[in-house]
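The values are calculated or read from the model by the stated rules, or taken from the named source; none is laboratory data. On a predicted model such as this, the values are computed, not experimentally measured, just so you know. Cβ atoms come from the backbone with ideal geometry, glycine included; neighbour counts cover every protein chain shown. Surface accessibility is based on the protein's heavy atoms, side chains included, excluding ligands, DNA and RNA. Shrake-Rupley method; radii C 1.70, N 1.55, O 1.52, S 1.80 Å.
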Amino acid sequence: MERTTAITKQTTQEEKITRNNMNITNIKAYGTEAADAPLKTLNIRRRNITPHDVEIEILYCGICHSDLHVVRNEWNGTTYPVVPGHEIVGKVTRVGDHVTKFQAGDLAAVGCIVDSCRSCEYCKEGEEQFCENGWTVVFNSPDKILGGQTYGGFSESIVVDENYVLHVPEKLDLASAAPILCAGITVYSPLKHWKAGPGKKVGIIGLGGLGHMAIKIAKAMGSHVVVFTTSQSKADDAKRLGADEVVLSKDAEQMKQQSKLDIILDTVSAKHDVNDYLKMLKVDGALVLVGLPVDQLPVGAFNLVNGRKSFAGSNIGGIAETQEVLDFCAEHNITADIELINVQQINEAFDRLEKGDVKYRFVIDMVPLKN
Ligand code: NAP
Ligand code: ZN
Ligand code: ZN
């Protein structure tokens, strides 16, 4: 019943917008019309600000492996044209009449979540990523206000309800802070939930965008960090980034010698065997999946049962926790190690990301898109 009312309300709102021919701005974006087509300049619509909205000029946007999964339709849920991008930082250009948290000129950021029902158990607890009525993803999600799909941060500007906009601490370098909006929160949330900290041994599988942020954040929390990588060439970097130990996961001898871990964060984007890692957990330890490979990951029952182990998962983090990780990163001087690129290099960056060839996050300078 409640759901019907919500949908009716939404329809009424959409009708009103159509009737009023809601003010819409056409802007430039970068996206694609097919899974096998390169990204190119597209024109998209943004709503003009409503009373609770903040309009942000996008200065930088990170490239997450999820953008790649969606652009190539690897999860089978992509509606084209798609404009990816969910690690957005920029400057507020305009605010609606009822906005209280932002004003023009403020630094602002937007991550994955741009709306949710605001009334379910999880929204009330600040865990909008588990909204029972379906939260709105910043891209490739039904746009409840304009209709059609939402378009992400590979664009000139974005309009978002102030409750889903984050403050960027002034001391953070803006370009390298962008990846905190997804990579940062995605690893911070489970590390906090599973109580990483002093006396805890944390394993991190995969040294990419998420993995390198996980090293920095787990170290700042006081944990002992062990990195598992398939890339010999990343071993020195893992140490430089703060890892206490590095294990080349293709080397059976090194894997066998590994001592027991309390928490393992699995950030791998492709099919791999988790059973070797489950065996490394202490009693009551947890292997937490944040990577989202297309293929299923088989788990041997004995690897879990023996030692009361958990095989768990975690999905980004809520709005309040995203603000918390931005503030945590400012306090601990943490930003991403980035390769700053221009819009014309996006296709090359996607190809390199697919091969695991990025140190350690591509961030796009979005300003030239306007010109
Ligand atoms: P990324 O930068 O490409 O890093 C992934 C890393 O996984 C690679 O650098 C590589 O590390 C390792 N890897 C890749 N293929 C592998 C294979 N076949 N076997 C073993 N290791 C392999 O990607 P990312 O942006 O960090 O994202 C990682 C995953 O998390 C993606 O699936 C993404 O969609 C997902 N994600 C989930 C959430 C969430 O909320 N749960 C949020 C953001 C992203 P080494 O070279 O060190 O082995
Ligand atoms: Zn992401
Ligand atoms: Zn909700």
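The distance between label points at residue 230 and residue 327 comes to 3.9 nm (points 7 Å beyond Cα on the Cα→Cβ vector). A simple count of charges around residue 307, restricted to other residues whose Cβ falls under 10 Å of its Cβ and scoring Lys, Arg +1 and Asp, Glu -1, yields +4.
On full extension of the chain, what length is gained from residue 282 through residue 250, given 0.36 nm per residue of separation minus the C-alpha to C-alpha distance?
Values: separation 32, 0.36 × 32 = 11.52 nm, distance 2.19 nm.
That pair, residue 282 and residue 250, stretches by 9.3 nm at full extension.
Rounded to the nearest 5, the antiparallel percentage of DSSP beta bridges internal to the chain is 55%. Between residue 79 and residue 339, the distance separating the two model label sites (each 7 Å from Cα on the Cα→Cβ line) works out to 3.3 nm.
At a Förster radius of 22 Å, what calculated FRET efficiency corresponds to the Cβ-Cβ distance of residue 365 and residue 26, to the nearest 0.05? Efficiency, from the Cβ-Cβ distance: 0.50. Using the average count of surrounding beta-carbon atoms within 10 Å as a protection proxy, the listed peptides 168-175, 336-343 rank, highest first, as 336-343, 168-175.
Averaged per residue, what accessible surface does the chain expose to a 1.4 Å probe, in Å²? Present the calculation step by step, with values, prior to reporting the outcome.
Values: 16540 Å² over 371 residues.
On a per-residue basis, the chain sits at 45 Å².
The C-alpha atoms of the chain define a longest principal axis, and helix 209-220 lies at about 70 degrees to it. Separation of segment 316-370 and segment 128-190, taken as the distance between their Cα centroids, equals 13 angstrom.
On C-alpha positions alone, give me the angle between the axis of helix 319-331 and the longest principal axis of the chain, in degrees, nearest 10. Between helix and principal axis, roughly 60 degrees. Here residue 48 and residue 170 are evaluated by their C-beta separation; at R0 = 30 Å the FRET efficiency comes out at 0.60. Count Lys and Arg as plus one, Asp and Glu as minus one, and take only other residues whose Cβ is under 9 Å from that of residue 363; the net charge is then -2.
Quick one: angle between helix 183-193 and the longest Cα principal axis of the chain, in degrees between 0 and 90, rounded to 10, please. Tilt relative to the chain: about 60 degrees.
Annotation: peptides 126-133, 138-145, ranked by per-residue average of other Cβ atoms within 10 Å with the highest first, follow the order 138-145, 126-133. Solvent-accessible area of the chain (1.4 angstrom probe, protein heavy atoms only): carbon and sulfur portion equals 49 percent. Equivalent ellipsoid of segment 160-284: semi-axes from √(5λ) of the C-alpha gyration tensor, largest first, are 27, 16, 14 Å.
Taking only DSSP H segments of four or more residues, each worth -39500 (n - 2.57), what value at 222 nm results for the chain once the sum is divided by all its residues, to the nearest 500 deg cm²/dmol? Don't jump to the answer; show the numbers that get you there.
Working: 12 runs with 99 residues, N = 371.
Calculated mean residue ellipticity at 222 nm is -7500 deg cm²/dmol.
Ordered from largest to smallest accessible area (heavy atoms of protein chains, 1.4 Å probe), the residues 311, 302 come out as 302, 311.
Using 0.36 nm per residue of separation minus the Cα-Cα distance, give me the extension gain between residue 301 and residue 100 in nm, one decimal.
Details: separation 201, 0.36 × 201 = 72.36 nm, distance 5.20 nm.
Computed gain between residue 301 and residue 100 is 67.2 nm.
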